[in-house]
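Since every read-out is calculated from the coordinates, none of them should be taken as a lab result. In this text, all values refer to a predicted model and were calculated from it rather than measured experimentally. Backbone-built Cβ (ideal geometry, glycine too); neighbour counts: all protein chains shown.
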2 protein chains.
Amino acid sequence: MTLPLKVNIVEVGPRDGLQNEAEFIPTDKKIELINSLNQTGLKRMEAASFVHPLYVPQMKDARAVLQGIEHSPDVQYMALVPNAKGYERALENGVKAVSLVVGASDSFNRNNVKMSREESLRNFEAVVKDARKNQIFIRYNIATSFWCPFEGRVEEKAVLEMVQEIDSQGVDEIVICDTIGRANPKQTAELFSQITAIGPRAAITAHLHDTYGFALANILAALKEGVTSFDTSIGGLGGCPFAPGAAGNAATEDVVFMLHEMGIETGIDIDALKQTLEIVKPLTKRELTGRLHKVQACAAAAN
Amino acid sequence: MTLPLKVNIVEVGPRDGLQNEAEFIPTDKKIELINSLNQTGLKRMEAASFVHPLYVPQMKDARAVLQGIEHSPDVQYMALVPNAKGYERALENGVKAVSLVVGASDSFNRNNVKMSREESLRNFEAVVKDARKNQIFIRYNIATSFWCPFEGRVEEKAVLEMVQEIDSQGVDEIVICDTIGRANPKQTAELFSQITAIGPRAAITAHLHDTYGFALANILAALKEGVTSFDTSIGGLGGCPFAPGAAGNAATEDVVFMLHEMGIETGIDIDALKQTLEIVKPLTKRELTGRLHKVQACAAAAN
């Protein structure tokens, strides 16, 4: 089995994870979580989101979170921005890396950011230009790259065209998202194989939700197509408030454990992740979907 | 991605699943479960276990279960036997297919059946001869083929030698078991690649527990090495009473859904599996690890 020697993990728990919690999580708890993640060896994370507080009230304290956290010189902190206005707010708050998002499916994009897909793409063209001028790192998410909760399976061709268009704008990273966790390993392999064939200049990251429990199998499929960067969420936190039925991301600790077991380096310390999990557990009433902490609990009970 | 067109699923929930339930499940409930599984399109299942009731009291009604179920002419019902005595009891009860089990790890085997690995192998040599003479189907499980809860990682060489020895006896099927669910996809691919290279006459089946959530990724890895038969357990029931910390098998409904999504035939009806899940849920106090029924529940709540 041919596998990469090293993989990069992007932690999205503080943003994609927490935004799904209905009850507001106090700012100091969010800061505690991010500061704990700082100690794990993770090099990149989505720390906040500049979305309208009416739509995602959980993220209304983005400014306070970014001001309150310890900024490790080794870690890149990214903020999600849904539109040009969010981008402006992010810059006002000193953000150096933005995470733009547009849906490959028009219906999803309208539901997610109240614009057509084309409006989002045009809207972001100017954002990308400005960001490049200001040396802001540009991560560009293509949501619903496999399936849309409203339209069903998404055509590969639409995603490939978006990858080409976005890549031609000179962004740093393109994230291929299985927003509702409905992709299977074959579909995952096929799409990443075609994206790799395009040869984008931007780095390619896979963002795979675990709704049907396929996330690790999909990661394996993507790894074998040469993908070496994955979004994950501590504990498997998350879902999507605008994608009914979606579960959280692949759990960071499970992905890192699987990679390490296969001899792939991540630079992340599993024991440190377990300490962070103790901070995560009281933040949500839902049972975490990640498995590693359950094995620990089970082994502890057997002692 | 090169994948087989068709895969065989062996349902082990009524045996490997239920044996882990501490509270005794009434015989009529076990019969109801098996009769429901009969309606799903499954062609093979482990229906009972002739183990000493002192060790696995849950299986003490094996005789009554086998007498009570509807015997579909399309379904093969197998009974697990841990030793020669269990084999005799199985035959007395009209069993036509036996599932023998020996651990690749000596420590596990001693813990599981109170014999050394070599004693089990010798013990079963006579069983296999008798079974062949009586035209009994012989399924032969190699437990702890990847990891042992007491000894750690198991040497590939030991497993390969056992495969060769057992295959030379003329058994029908050899089952390679990740009893504690600790294998990773790379290890899985490597072991099955080597087993395939031996070219055994017996059919090869993979039995993968989902302790760390790796079962579907491991199934994907095995599929790509040409394995076309998998043990699964409805709802993800199970664990191992003699392997501390192990979770249940890969959930039948999740495996079947993943295979169908990849265009692989199983002959199994997902809707019928969902009906069986309604029978499974009240049998256990534990939350089922399978994902498919949770997505349904979530979608229902959103309506």
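Please list, by residue number, every one of the GluC sites (Glu not before Pro) in segment A:67-163 that is coil in DSSP and has at most 11 other beta-carbon atoms within 10 Å.
Within segment A:67-163, the qualifying GluC sites (Glu not before Pro) (loop, at most 11 other Cβ atoms within 10 Å) are A:Glu70, A:Glu155.
Do any GluC sites (Glu not before Pro) in segment B:6-48 lie in a loop, going by DSSP, with at most 14 other beta-carbon atoms within 10 Å of their beta carbon, and if so which?
B:Glu23
Can you give the mean number of other chain Cβ atoms that lie within 10 Å of the Cβ atoms in peptide B:286-293?
Mean shielding count: 2.
Where Lys and Arg each count +1 and Asp and Glu each count -1, what net charge lies around A:Pro4 among other residues with Cβ under 10 Å from its Cβ?
Taking every other residue near A:Pro4 into account, the sum is +1.
Which distances, in nm and shortest first, link the A:Thr2 label point to the same label point in every other copy, taking 7 Å along Cα→Cβ?
Taking the point 7 Å beyond Cα along Cα→Cβ, the inter-copy spacings are 1.3 nm.
As a test, work out the antiparallel percent of DSSP beta bridges whose residues both lie in the protein assembly as shown, rounded to the nearest 5.
If we restrict to bridges inside the protein assembly as shown, about 10 percent are antiparallel.
Straight-line reach from B:Lys129: which aspartates and glutamates fall under 18 Å, measuring Cα to Cα and dropping same-chain residues less than 8 apart?
B:Glu88, B:Glu92, B:Glu118, B:Glu119, B:Glu165, B:Asp167, B:Asp172, B:Glu173
Name the chain B residue with the Cβ nearest the axis that maps B onto A: which is it, and what is the distance in angstrom?
Per the B/A rotation axis, the closest residue of B reads B:Ala217, 2.
What are the nm distances, shortest first, from B:Gln39 to its equivalents in the other copies, labels at 7 Å along Cα→Cβ?
From this label point to the equivalent ones elsewhere in the assembly: 5.4 nm.
Give me the net charge for the shell around A:Leu42: Cβ to Cβ below 12 angstrom, other residues only, Lys and Arg +1, Asp and Glu -1.
-4
Hey, for B:Ala197 with labels 7 Å out along Cα-Cβ, what do the inter-copy distances come to in nm, ordered shortest first?
3.1
Could you give the distance between the Cα centres of segment A:71-87 and segment B:27-103, to the whole Å?
So the separation of the two Cα centres works out to 58 Å.
Pull out a ≥ b ≥ c, the square roots of the eigenvalues of the alpha-carbon gyration tensor of the protein assembly as shown, then state rounded if a/c is under 1.5, prolate if not and a/b is larger than b/c, and oblate in the remaining case.
Verdict is prolate for the protein assembly as shown.
How much length, in nm to one decimal, is gained on full extension between A:Glu287 and A:Gln39, taken as 0.36 nm per residue of separation minus their Cα-Cα distance?
86.9 nm
Cross-link partners among aspartates and glutamates for A:Lys29, C-alpha distance below 19 Å, same-chain residues fewer than 8 apart left out?
A:Glu11, A:Asp16, A:Glu21, A:Glu46, A:Asp61, A:Glu70, A:Glu278, A:Glu287
How large is the helix-only mean residue ellipticity at 222 nm for the protein assembly as shown, computed as the sum of -39500 (n - 2.57) over DSSP H runs with n ≥ 4, divided by its residue count, in deg cm²/dmol to the nearest 500?
-12000 deg cm²/dmol
Relative to the present Cα-Cα distance, how much length would full extension add between B:Glu151 and B:Glu278 at 0.36 nm per residue of separation?
41.9 nm
Quick check on segment B:64-192: what does the Kirkwood estimate of hydrodynamic radius come out to from the alpha carbon pairs, in Å?
For segment B:64-192, the Kirkwood estimate is 15.3 Å.
Quick check: pseudo-label points 7 Å beyond the Cα along Cα→Cβ at B:Tyr55 and B:Gln67, how many nm apart are they?
Each label point is offset 7 Å from its Cα along the Cβ direction, giving 2.5 nm.
If I take every Cα pair under 8 Å that is 6 or more residues apart in segment B:8-302, average their sequence separation and divide by the length, what percent do I get for the relative contact order?
Relative contact order, segment B:8-302: 19 percent.
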